[in-house]
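J.: Quick one: this structure, given as C-alpha cells, is what I'll be asking you about.
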Protein chains: 2
Amino acid sequence: MAEIDTRLRILDAAEALFMEFGFEATTLRQITGKAQVNLAAVNYHFGSKEALIQELFKRRLAWLNEQRIQALDRLEAEAKGAPLKPSQILDAFFGVAVKMAGDRVGGGRNFMRLLGRTYTEPSEFVRNFMAAEYSEAIARFKKALFKALPDVPREEILWRFHFMLGAMSYAISGADALHIVAEAPVDDSDSDALYARLMSFLIGGLRAPLPEILTKSTRNSAGKPRTRKAA
Amino acid sequence: MAEIDTRLRILDAAEALFMEFGFEATTLRQITGKAQVNLAAVNYHFGSKEALIQELFKRRLAWLNEQRIQALDRLEAEAKGAPLKPSQILDAFFGVAVKMAGDRVGGGRNFMRLLGRTYTEPSEFVRNFMAAEYSEAIARFKKALFKALPDVPREEILWRFHFMLGAMSYAISGADALHIVAEAPVDDSDSDALYARLMSFLIGGLRAPLPEILTKSTRNSAGKPRTRKAA
DNA sequence: GTAGAATTAAAACACACGTTTGAAACGGAT
DNA sequence: ATCCGTTTCAAACGTGTGTTTTAATTCTAC
C-alpha cells in the first residue's frame, strides 16, 4: 500500500507541477509537499531530480509512441502495401496525442502540455532523451509519409512534419496561450472539436503547394549529405 | 562609453544565454561574466533579474510589433478599403518575424528563438507581459483576417492563428529541435528558404476546408467520432 | 581643479535549492 | 518473537542563487 504508491504519487505530483511551473522552477519540496511524501523520497526512489524527470517522460512517452506505432500498423495491414492517405498517417500520429491530451483524469493532459513545451527545451539531456525515445516512432512515420507523398521532396516533408509538431504543441498547450490572441476566454474543453480543428489545419498545411523556391532547383551549391540515395 | 554601454552589454548577453539555457537556468553570474560587467550591475541598472527579462522583451517586442503594424498599414493603404488577401496578412505578420529571426548579427535570432518558447511559458508574469505587448498588433491582425475571411467563423480563425504561431515558433526554433525528426543534420541557415517553406504551410493550413464538426451545427456530438462515440 | 552625482567594484548577505545522513518504522519470512 | 531488508522520516549539509551593502572609481559641471 505504501511502497510503490509513493513512486506514483511523486510522478503524478511532479507532472502537474512541472507543467505548471517548468522544470527548473519546480522544487522537490513542492513536489513532495503535493504528493504528501517525505522530501527524501524523491532521491530514494529515483536518485535525483534529473532521473525523476527522465522516468516521468519514459512512462508516458513509451506508451504514447507504442500507441502511435500500433495505429500505424493497423493502417498498413489494412492497406496491404498500398500507400496510405496522408490524413490517415496524421490521424495515427496526432490523434493519439490529442486524445491523451484530452484525458484530464489520468494526468495525460498535464503530460502532453509539458511535452509540447519540452520539445524545444534548452536543456540538452532532456532533448537527447526525447530524441532517443521518439526515434522508432518518428522513423516509422517518416517512412509512411515518404511513401504517401512520393512527389514531395523528403526534406520538405520533414520541415512540414516539424511545423505540424509546432501547431500540435500550441493546440495542446491550449487556452492558456490562446488567450493572448483571443482576449476573450476560449473553450478548449472539447477535445474532439480541438482535434477536428487541428487536423483540418494540418492536412491543409501538409498538402499545400510547394514553395516556388523549391520547385525550381535546390537553390544551393554545397552538396548536402543526402542520407538516402535509392528510394 | 561606459554608462549606457553596460546596459546594452547586459541585455545582449542575457538574450543569448536565456535562449541557450532558459530563464531559470541562467544565472546573473553567467550574464555578467559574458557581458564582462560587475555582478551588481544588473541590479543597479535594472533592479532585478525579473525586470531585466521584461526590459529585454520590451525592446525587441515593441520594435517587432511596430514593424508588423506598419506593414499592415501599407497593405491596407494600397487596398483602399478592399479586403486583403490572407497571404498578404500572413506575410506582414510572419514575414517580419522570420526576417528578424534570420538576423544573426543583431541578436534578433536569439530573441526570436527565445520568444517562440516563451509564448507557452509557464511563468505568469512573462505571459501577462507578452499579452500586453502583443495586444495592439494582435487586434489589428485579427480584424484584418476577419475581414479577409468573412465566411470563416471567427473562433476558427483564432484557433488557426494560434496553430500558425505554433508552427512559426517551431520553424524559428530551427534545427535544434528539427534534428529530432530529421536525424541527419538539417540546413536552416537560409532564412529565405525557411520563410518560403513556412508560408506555404501556413497558407495551406489557414485556407483548409473547415472541419465537418463545425460546418454542421456549432459543435456537438455529431460529426467525426474518432474513438469515443458520443451517444 | 574640485565638489557632487553616477557608476563600478568587491564582498558579504540571507535564503532556498538538491542532496545526504542516520535513525526510526515497517513488512514479510522464519 | 525475532530478524533483516526496505521504506519513511526529520534534520542537516554544502552549494549557488539573487540581492544588498559599502567603498572605490569615474564622469559631469562649475
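The values are calculated or read from the model by the stated rules, or taken from the named source; none is laboratory data. Everything quoted here is computed from the prediction, not taken from an experiment. Quick reminder, even Gly has a Cβ in these numbers, built from the backbone with ideal geometry, and neighbours come from all protein chains shown.
J.: Taking the stretch B:8-47 on its own, how many of its residues are crowded, with 19+ Cβ neighbours inside 10 Å and not hydrophobic (A, V, I, L, M, F, W, C)?
T.: Summing the residues that are crowded, with 19+ Cβ neighbours inside 10 Å and not hydrophobic (A, V, I, L, M, F, W, C) in the stretch B:8-47 gives 4.
J.: Give me the pairs, please: first residue somewhere in the stretch A:115-137 and surrounded by fewer than 18 Cβ atoms within 10 Å (Cβ to Cβ), second residue anywhere and assigned to a loop (DSSP other than H, G, I, E, B), beta-carbon distance under 8 Å, and either six or more positions apart or on two chains.
T.: As it stands, the answer is A:Ser123/A:Phe23; A:Ser123/B:Gly22; A:Ser123/B:Ala25; A:Val126/A:Phe23; A:Ser135/B:Glu183, since those pairs meet every condition given.
J.: Out of B:Phe93, B:Phe111, B:Phe125, B:Phe21, report the one residue that is within 13 Å of chain A (Cβ to nearest Cβ), hydrophobic (A, V, I, L, M, F, W, C), in contact with an Asp or Glu (Cβ under 8 Å, 6 or more places away or on another chain) and more than 15 Å from DNA strand C (Cβ to nearest atom). Walk me through it before giving the result.
T.: Working: B:Phe93 fails: in contact with an Asp or Glu (Cβ under 8 Å, 6 or more places away or on another chain); B:Phe111 fails: within 13 Å of chain A (Cβ to nearest Cβ); B:Phe21 fails: in contact with an Asp or Glu (Cβ under 8 Å, 6 or more places away or on another chain).
One residue alone meets the criteria, B:Phe125.
J.: In addition: Check A:Lys99 against each of (1) within 14 Å of chain B (Cβ to nearest Cβ); (2) more than 23 Å from A:Ala196 (Cα to Cα); (3) more than 16 Å from DNA strand C (Cβ to nearest atom); (4) among the basic types (Lys, Arg) and name the one condition it does not meet.
T.: (2)
J.: So which of B:Ala79, B:Ala62 is more than 16 Å from DNA strand C (Cβ to nearest atom), touching a residue at least 24 places away in the same chain (Cβ under 8 Å) and away from chain A (no Cβ under 13 Å)?
T.: Details: B:Ala79 fails: touching a residue at least 24 places away in the same chain (Cβ under 8 Å).
Step by step, each of B:Ala79, B:Ala62 is checked, and only B:Ala62 is more than 16 Å from DNA strand C (Cβ to nearest atom), touching a residue at least 24 places away in the same chain (Cβ under 8 Å) and away from chain A (no Cβ under 13 Å).
J.: I'd like the full set of residues that are part of a loop (DSSP other than H, G, I, E, B) and more than 13 Å from DNA strand C (Cβ to nearest atom), limited to the stretch B:24-34. If you could, list the steps in order and put the result at the bottom.
T.: At the first step, the residues of the stretch B:24-34 found to be part of a loop (DSSP other than H, G, I, E, B) are B:24-27.
Answer for the stretch B:24-34, where residues must be part of a loop (DSSP other than H, G, I, E, B) and more than 13 Å from DNA strand C (Cβ to nearest atom): just B:Thr26.
J.: Return yes when B:Arg154 is over 22 Å from B:Pro86 (Cα atoms) and among the charged types (D, E, K, R) and no when it is not.
T.: Working: over 22 Å from B:Pro86 (Cα atoms): no; among the charged types (D, E, K, R): yes.
So B:Arg154 does not fit the description; no.
Yes or no, residue by residue, for (1) within 25 Å of A:Phe129 (Cβ to Cβ); (2) within 14 Å of DNA strand D (Cβ to nearest atom):
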position: A:Phe18; (1), (2): yes, no
position: A:Gly33; (1), (2): no, yes
position: A:Gln36; (1), (2): no, yes
position: A:Ser48; (1), (2): yes, yes
position: A:Leu52; (1), (2): yes, yes
position: A:Arg59; (1), (2): yes, no
position: A:Ala62; (1), (2): yes, no
position: A:Glu76; (1), (2): no, no
position: A:Pro86; (1), (2): no, no
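Residues are listed down the side, and each one gets a yes or a no for (1) at the interface with chain B (Cβ under 7 Å from one of its Cβ atoms); (2) within 21 Å of B:Tyr134 (Cβ to Cβ); (3) in contact with a Leu (Cβ under 6 Å, 6 or more places away or on another chain); (4) buried (at least 20 other Cβ atoms within 10 Å of the Cβ):
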{"position": "A:Phe141", "(1), (2), (3), (4)": "no, no, no, yes"}
{"position": "A:Lys147", "(1), (2), (3), (4)": "no, no, no, no"}
{"position": "A:Pro153", "(1), (2), (3), (4)": "no, no, no, no"}
{"position": "A:Trp159", "(1), (2), (3), (4)": "yes, no, no, yes"}
{"position": "A:Met164", "(1), (2), (3), (4)": "no, no, yes, yes"}
{"position": "A:Ser169", "(1), (2), (3), (4)": "yes, yes, no, yes"}
{"position": "A:Ile172", "(1), (2), (3), (4)": "no, yes, no, yes"}
{"position": "A:Ser189", "(1), (2), (3), (4)": "no, no, no, no"}
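J.: Out of curiosity, is A:Phe46 in contact (Cβ under 8 Å) with a residue 40 or more places away in the chain and within 16 Å of DNA strand C (Cβ to nearest atom)?
T.: Values: in contact (Cβ under 8 Å) with a residue 40 or more places away in the chain: no; within 16 Å of DNA strand C (Cβ to nearest atom): yes.
It is false that A:Phe46 is in contact (Cβ under 8 Å) with a residue 40 or more places away in the chain and within 16 Å of DNA strand C (Cβ to nearest atom).
J.: Follow-up question, since we're still on this one. Please indicate, with yes or no, whether at least one residue in the stretch B:192-206 is within 7 Å of chain A (Cβ to nearest Cβ) and modelled with pLDDT under 70.
T.: Scanning the stretch B:192-206 turns up no residue that is within 7 Å of chain A (Cβ to nearest Cβ) and modelled with pLDDT under 70.
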